[in-house]
1. Please specify each residue of the stretch 89-123 satisfying the condition of being under 19 Å from Y242 (Cα atoms) and polar (S, T, N, Q).
2. Which condition from (1) out of contact with any helix residue (DSSP H, G or I) (no Cβ under 8 Å at 6 or more places or on another chain); (2) free of Cβ contacts under 8 Å to residues at least 40 places away in the same chain; (3) not charged (D, E, K, R) is the one that S56 breaks?
3. Out of I68, I99, I75, I106, which single residue is among the β-branched types (V, I, T) and part of a loop (DSSP other than H, G, I, E, B)?
4. Can you tell me which condition A224 does not meet? The list is (1) among the small types (G, A, S); (2) away from the ligand (no atom under 16 Å from the Cβ); (3) part of a loop (DSSP other than H, G, I, E, B); (4) in contact with a Phe, Trp or Tyr (Cβ under 9 Å, 6 or more places away or on another chain), and all the others hold.
5. In the stretch 155-196, which residues are part of a loop (DSSP other than H, G, I, E, B), of a type outside the set (A, V, I, L, M) and more than 13 Å from the ligand (Cβ to nearest atom)?
6. Among residues belonging to the stretch 140-154 that are more than 13 Å from the ligand (Cβ to nearest atom) and polar (S, T, N, Q), point out the one that is surrounded by the fewest Cβ atoms within 10 Å (Cβ to Cβ).
7. So which residues in the stretch 12-29 are modelled with pLDDT under 95 and closer than 19 Å to S144 by Cβ, if there are any at all?
8. Before we move on, is S141 more than 24 Å from S82 (Cα to Cα), part of a loop (DSSP other than H, G, I, E, B) and among the polar types (S, T, N, Q)?
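The values are calculated or read from the model by the stated rules, or taken from the named source; none is laboratory data. Since the model is a prediction, treat every value here as computed from it, not as a measurement. Here Cβ is always computed from backbone atoms with ideal geometry, including for glycine, and neighbour counts include all displayed protein chains.
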Amino acid sequence: MKTDMDGLILRDLTVGDKDRIITVLTKEKGIISCYVKGALVVKHHAFAATKPLTYSRLCVYRNRGMYIVDQAETIKSFYSLSMSVEQFALSQYMCELAIETTPAEIESEGQLELLLNCLHILVNGLKTDELIKAVFEIRMSVISGNMPNVIYCSGCGSYDSDTMYFDPAANTMLCEKCFGGEGIVCPLSRGALTAVRYIVTADPKKIFSFSVSKESTAQLAQCAEMYMTNIVGKTLKTLDYYNFVSTM
Ligand SMILES: [Zn+2]
């Protein structure tokens, strides 16, 4: 039985001379792997639509537990991101993070919508790379069931403090009065805290509809990266590479 699925191609693996196995983030089935026979032949109908960073409509069927792509049609390509080393590195990190945090065979509309939204903002240069990365990390943590505790002080329940101290390993936050100066923590100014609270709770379509200063963005970025790295439980190679090229 053939099924249509809309999905973003996250990465591909060449098999033999002409075939590809692609990893796809789909709305209906989360992360899936698909075999594309003949995909590397330039004249093949699915040549462009099965490239990484392409959002495509795939017609698939199952054979021996594997999805096989029968037809593929491009809906939107983000492949032009590969023209910039830094933007391409960020897109690869976001794709790998999606693979790490999205379940297989489970409906994953939230993850797909978030990644498409972030790639759209990135490819059009609508926000800084640093901010896009932080929004993606924080919101992905929420969608994957790891809501950061950024609402109240974990010590006294206070909502308000000039600086709050977020502990990414413990997922706790302390106000100035409760913080004893210990542990590896991320300080959050009022601006950074307002931004992170917004990202956690915003309507998915309005996730970038806020403004934040450059200084607060730096705090937000540190907090987001450390928290997500703790959730994943390792430093991803694509993150190391992004951090390398973005500081060159
Ligand atoms: Zn407190």
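1. S91, Q92, T101
2. Single failed check for S56: (2).
3. The match here is I106.
4. All conditions are met except number (3).
5. P168, N171, G181, E182, G183, listed by residue number.
6. Step one: filter the stretch 140-154 for residues more than 13 Å from the ligand (Cβ to nearest atom), giving 140-148, 150.
From what is left, the residues that are polar (S, T, N, Q) are 141, 144, 146.
Details: S141: 23, S144: 20, N146: 15.
Here the answer is N146.
7. Answer for the stretch 12-29, where residues must be modelled with pLDDT under 95 and closer than 19 Å to S144 by Cβ: K27, E28, K29.
8. no
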